[in-house]
Structure formats: structure tokens, C-alpha cells
1. Please list, in order, the residues from the range 109-135 whose amide nitrogen is less than 13 Å from a point placed 7 Å along the Cα→Cβ vector of Asn56.
2. Between Val19 and Lys85, take the C-beta separation as r, use R0 = 45 Å, and let me know the FRET efficiency to the nearest 0.05.
3. Near the amide H of Ser61, under 5 Å away, which other amide H atoms are found, from residues 5 or more places off or on another chain, if H is placed in the peptide plane?
Amino acid sequence: AAEEQKESEFSTYYKEPTVSIDEQFIFNFKKNGGKFLYCENNLEVTEQFENILEENDWFESEVLCYDPELFQLLEDNKLTYDKPKNPKFLLSSCESLIAEEGSILFSSKQIKQHKPNDLPTNMIILAKASQIMGTKSDGLSAIKKKYERDYPTNISTIKYLEKAKEEDFTQYGSSAKNLYLLLLEDL
């Protein structure tokens, strides 16, 4: 009987992982109201980006973007990013994607010193499948590894991606974002 006892105790603690962290991230991200677009290559990233511009009529508008690697994408679509006064959206990469909360982790490398609430409501984020992490602490460890000397500041996550229901006051103060995630398969 003691053997059986051990067996059942063990099985209550140990659960076979059924979903990959990719699936977990996508599920939670969508549940939070994010718009997820899977891209197999850079060409698809460009196409999806243009589809989003078309869908929202964002051509020839101002954009908040601090990532020199993304400037070409903006220039190709006649979008201005030099000191925008009234940006229509943020175009950015990110530090990582957090599966357990379906959130996106940023640092000053992508968003300078802006607080999430000060960023444009509309966001287009480019990320790679290899950036999906299980937990927030995994994401923070990855930042530590990546920037040994030049450690970024303003590490923050964006999680609430649609207007919080009025009765759900737990999300009070976190302004919701209209967020598109272009996820590039790089594994």
C-alpha cells in the first residue's frame, strides 16, 4: 500500500507537459486579445506588414520606431519615423515572448524610456520563434545573458491587448493595446 501511496503522490505533482511553449504562448497571447500572424520567412513578414498597413489605412503615416533594422521596412512603405509628432503605431522588435502569460517583454533597447501606457495604442511587433520563453524569469535571464555590459533599463511587459471589460477592474491603469505580432519561424 505504501508503494501505491507514493505512486499517487508523485502523479499529482508531476503533470506530463501536453503543449509546447510555442502553443502555450500563442494560446495565451490570443486570449489576451493579441493578433497573431505566423511568418515562414522575411518575405512573409513584409507581406503581412503591408496587409496590416492596408487594413488600417496606415500608409504614409508617422511611426514610432527605434530599431535601425526595421527602418528599411518603413522606408519601403513611405512611413516616416524621424521624431514623429503623432505616430499611428509602434513598430518594434522585442526581448522575448512569455508563454505563461502571453505577454511581450521589452526593454529600453526597443522602447527607450517610454512606459507601456505612453506608447501608441497600435503596435506591430516583430519577433522570432526562438524568442519564446516559458516564464518571465526565463525572459529576464535571457536579457542578462544577451547584454552582459550594456544592460538595458525600462524592462517591461505588455500583456493586455484589448480594452479591459469595465467590470474587470483588476486591469485598471494598464491601457490596452491593439497589437499585431509577426512571428518569424527561425528554428
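Bear in mind these aren't lab numbers, they're just calculated from the coordinates by the rules spelled out. Keep in mind that this is a model prediction, so the values were computed, not measured. Ideal geometry is used to build each Cβ from the backbone, glycine not excepted, and the neighbour counts take in all protein chains shown.
1. 119-126
2. Details: r = 44 Å, r/R0 = 0.97.
The formula returns an efficiency of 0.55 here.
3. Result for Ser61 returns Thr80.
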